[in-house]
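Working notes, structure below.
A short reminder: the numbers here are calculations on the coordinates, not readings from a lab. Note that the structure is predicted; figures quoted are calculated from it, not measured. Cβ atoms come from the backbone with ideal geometry, glycine included; neighbour counts cover every protein chain shown.
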Amino acid sequence: MSLLTPDIAARLTANARTRIDAVRRGLREPDPRPVVRFFNPVGAATWLATELDPDGILFGLADLGFGCPELGSFSLAELEAVRLPFGLGIERDLLFEAQHPLSVYAAAARAAGSVVLGERRLAAAERRLSGRA
């Protein structure tokens, strides 16, 4: 099963082209918002992706649930091939809408020890700042 819709794949590919173009021109690399969030429905692994290259390699924030989320590359084909208990596989978060650039998610995840806890802390800080706490 494909984890990406054509629209999501196009947005990820566009981000990759934008970064490559910036590097070629000697400009600062962009810090895009994640386009898609994948998760293990029976475990702690979470991935936020910003780019997709022609070989099916994604770039983003990976958290395998061991307390050390990191920026890096991961294979779309490998995510799609994962077979979990109860016939499940890795899933795409259908409701995910990034509120921050990838660097903000990465900093929050590293400080919290996980992407999920980092996201919760960011949301709580936003509520406090907006007076909705």
Practice item. Would you mind checking region 26-64 for residues with the amide N under 19 Å from a putative spin-label position 7 Å along Cα→C-beta of ASP7? Key: 33-38, 49-52
Check your understanding: Any idea how far the Cα center of region 93-133 sits from the one of region 18-61, in Å?
Key -> 17
**Study point:** Stretch gain in nm, segment ALA81-GLU97, where the contour uses 0.36 nm per residue and the Cα spacing is subtracted
**Key:** 3.3 nm
Review point. Which of [x] 55, 52, 32; [y] 52, 35, 31; [z] 45, 42, 26 is the computed Cα extents along the principal axes in Å for the structure on display?
Key: [z]
Study note, to complete from the structure: Other residues with Cβ under 13 Å from the Cβ of SER2 give, with Lys and Arg +1 and Asp and Glu -1, a net charge of -2
Exercise for review: State whether region 47-95 is rounded, prolate or oblate according to the following rule on the C-alpha gyration tensor (a ≥ b ≥ c being the square roots of its eigenvalues): a/c under 1.5 gives rounded; otherwise a/b larger than b/c gives prolate, and the remaining case gives oblate.
Suggested key: oblate
